[in-house]
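Since the structure comes first, as structure tokens, the remarks are kept for the end.
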Amino acid sequence: FLTEIVEFQKIVGSLIELVDQLAKAAESEKMKAIGARNLLKSMAKQREAQEQQLQALIAEKKMQLERYRVEYETLCKVEADQNEFIDQFIFQK
């Protein structure tokens, strides 16, 4: 009977060691999964911030384009006025 109890204790000890190893492995995988999830969240936030920066840059470039268009139209009008003045001046002579 005593040998059977000693044998049982050895088996239980082996089982406990195996369960401890599995628990450590599961904890390690859990930490890896948490790290991967945090990395994904971080990357998503970075992409969102980058998208907002690009949207702001697009809006800025559109405003700059509009300013250039208005300036171009104004310069075309000035050129036309100057050409008209030159033509009138030439015809008066």
Could you list, in sequence order, all residues of the stretch 68-93 that are surrounded by fewer than 10 Cβ atoms within 10 Å (Cβ to Cβ) and not hydrophobic (A, V, I, L, M, F, W, C)?
Gln88, Gln92, Lys93
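Rundown of residues vs (1) open to solvent by 100 Å² or more (accessible area, probe 1.4 Å); (2) within 46 Å of the chain's Cα centre (by Cα), yes/no style:
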{"site": "Lys10", "(1), (2)": "yes, no"}
{"site": "Lys32", "(1), (2)": "yes, yes"}
{"site": "Lys41", "(1), (2)": "yes, yes"}
{"site": "Lys45", "(1), (2)": "yes, yes"}
{"site": "Ala49", "(1), (2)": "no, yes"}
{"site": "Gln52", "(1), (2)": "yes, yes"}
{"site": "Met63", "(1), (2)": "yes, yes"}
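The values are calculated or read from the model by the stated rules, or taken from the named source; none is laboratory data. This is a predicted model, so every value here is computed, not measured. FYI the Cβ positions are ideal-geometry reconstructions off the backbone, even for glycines, and counts take in every protein chain you see. Ligands, DNA and RNA are stripped out before the accessible areas are found, and what is left, the full protein with its side chains, is counted by its heavy atoms. Shrake-Rupley method; radii C 1.70, N 1.55, O 1.52, S 1.80 Å.
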